[in-house]
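The values are calculated or read from the model by the stated rules, or taken from the named source; none is laboratory data. Since the structure is predicted, the reported quantities are computational estimates derived from the model, not experimental observations. Positions of Cβ are backbone-derived with ideal geometry, glycine not excepted, and every protein chain shown enters the neighbour counts. Keep in mind that these areas ignore ligands, DNA and RNA; they rest on the heavy atoms of the full protein, side chains included. Shrake-Rupley method; radii C 1.70, N 1.55, O 1.52, S 1.80 Å.
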Amino acid sequence: GQLPTWLQGILLRNGPGMHTIGDTKYNHWFDGLALLHSFTFKNGEVYYRSKYLRSDTYNCNVEANRIVVSEFGTMAYPDPCKNIFSKAFSYLSHTIPEFTDNCLINIMKTGDDFYATSETNFIRKINPQTLETLEKVDYSKYVAVNVATSHPHYDSAGNTLNMGTSIVDKGKTKYILFKIPPSVPEKEKKKSCFKHLEVICSIPSRSLLHPSYYHSFGISENYVVFIEQPFRLDIVKMATAYIRGVNWASCLAYHKEDKTWFHFVDKKTKKEVSTKFYTDAMVLFHHINAYEEDGHIIFDIIAYTDNSLYDMFYLKNLSKDFGENSKLTSMPTCKRFVVPLRYDKDAEVGSNLVTLPSTATAVKEKDGSIYCHPEILCEGIELPRINYDYNGKKYNYVFATEVQWTPVPTKV
């Protein structure tokens, strides 16, 4: 085959690249030091380059020739970058420990700038041409979040929309939806876009000490879709993880007896829809798309019945027999939920409020809450992508990798 001559530009990618430093090894695949990749398409040719993200984490580890900065699945200590006593003190004095800036999950575009992102409060600006690492941005200086997703959304005006969790801020754990503008006013040219960051809405966590883990969220024309799943972070465990010598991943637990709650934030009023919508317990990482039709919001996600996926990527499990030994205990399932935002308030208890042609249902309960049951679109796909021009709109196609029985993709 040949690359079409009209295909011109740069594709940026990010991911774990180095798992061994000196005599030390990371425990988990998702902990590896970030490696940036670029594919430049020009006149039917493709040029590749890669470079490690020169994060503070990378520099500290390389200087010490061992892992000294903790990652999600690997707790490291003591840290020679800082005096051990001050480090221990900082762990005791802060509920949430200081996180890594090893931004290895995604690339985010804000205005004309590109940032490597992960799920902590740090992002790193990069040069898309040379892959050089530039300044470090701490979200928490502009908005009260301790963690943020690495899958933001972009609206038609060029704003970046993202979500983060504010943990025990004045005793209130909440999820915060915020917006970063693409540029700053002419008279403030020296300031960064982050100084003009705006909080759109905050959603209180159903549990003060156990906020939901989330990897992405959905967006339609008028609403933001946030799913509060019973896969939750234990804040007390997290605050004491360093002292107990366990990794942060061990502070996440799936509560299969609990419900999964749907939250819809109206972008215009900046308020949450008051009706309580829920479904059965599930674990999800990736939203596919969401759109509105005839008073309903329709959103597609990839969901699991447990949280076993993360455990498979511990390096001790990534053995040569990985393909045979790593059978997914829960098949990733592409689910479509159809949620009636406008419905007859006098509808009978037990009636299905979905009026669109779909096998998905939304049943009114005695207490006024609505139980949603999905339509199953297909099974065994992950890492979904759509033509982003259709983000938030009715769409036909999703591109994904096939993961039938093992988390290693076999097809597109």
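Quick notes on this one:
- For LEU134, net neighbour charge (Lys/Arg +1, Asp/Glu -1) across residues whose Cβ lies under 10 Å away: +1
- Gyration tensor (alpha-carbon) shape descriptor, the chain, a/c threshold 1.5: rounded
- For segment 359-372, the Karplus equation 6.51 cos²θ - 1.76 cosθ + 1.60, evaluated at θ = phi - 60°, returns couplings of 7, 5, 10, 9, 9, 6, 9, 4, 7, x, 6, 10, 8, 9 Hz by residue, with Gly and Pro reported as x.
- A 1.4 Å probe run over the chain, with the rest of the protein chains in place, finds 50 Å² accessible per residue.
- Spin-label pair GLU45-ASP367: with each label point 7 Å from Cα along the Cα-Cβ axis, the two points sit 6.5 nm from one another.
- Among ILE376, ILE21, THR406 the positive-end extreme of the charge dipole of the chain (Cβ point charges): ILE21
- Rough spin-label spacing in nm, given labels placed 7 Å along Cα→Cβ, for GLU257 and THR5: 6.8
- Peptides 275-284, 352-361 ordered by average Cβ neighbours within 10 Å, highest first: 275-284, 352-361
- Comparing Cα centroids, segment 187-205 and segment 117-174 end up 11 angstrom apart.
- Kirkwood-based shape ratio for segment 139-181, expressed as Rg/Rh from alpha carbons: 1.02
- With at most 11 neighbouring Cβ atoms within 10 Å, loop GluC sites (Glu not before Pro) (DSSP) excluded, longest segment of the chain: 1-256
- Within the assembled protein chains, the solvent-accessible surface assigned to TRP29 is about 100 Å², based on a 1.4 Å probe.
- Top of ASN247, ASN396, ASN27 by mean-square fluctuation, Gaussian network on the chain, Cα under 10 Å: ASN396
- Along segment 105-114 the Karplus relation, 6.51 cos²θ - 1.76 cosθ + 1.60 evaluated at θ = phi - 60°, assigns HN-Hα couplings of 9, 8, 10, 10, 10, 10, x, 9, 9, 10 Hz to successive residues, with x for each Gly and Pro.
- Within the accessible area of segment 1-144 (1.4 Å probe), percent carbon and sulfur: 53
- Note, ³J(HN,Hα) from phi for segment 22-32, Karplus 6.51, -1.76, 1.60, rounded to Hz, x at Gly and Pro: x, 8, 10, 10, 6, 7, 10, 4, 6, 8, x
- Close amide H contacts of LEU35 (hydrogens built in the peptide plane, cut-off under 5 Å, sequence separation of 5 or more or a different chain): GLY15, GLY17, LEU53.
- Three-way shape label, segment 1-144, alpha-carbon gyration tensor, a/c 1.5: prolate
- Computed on the Cα atoms alone, the convex hull of segment 206-411 gives a volume of 145 cubic angstrom per residue.
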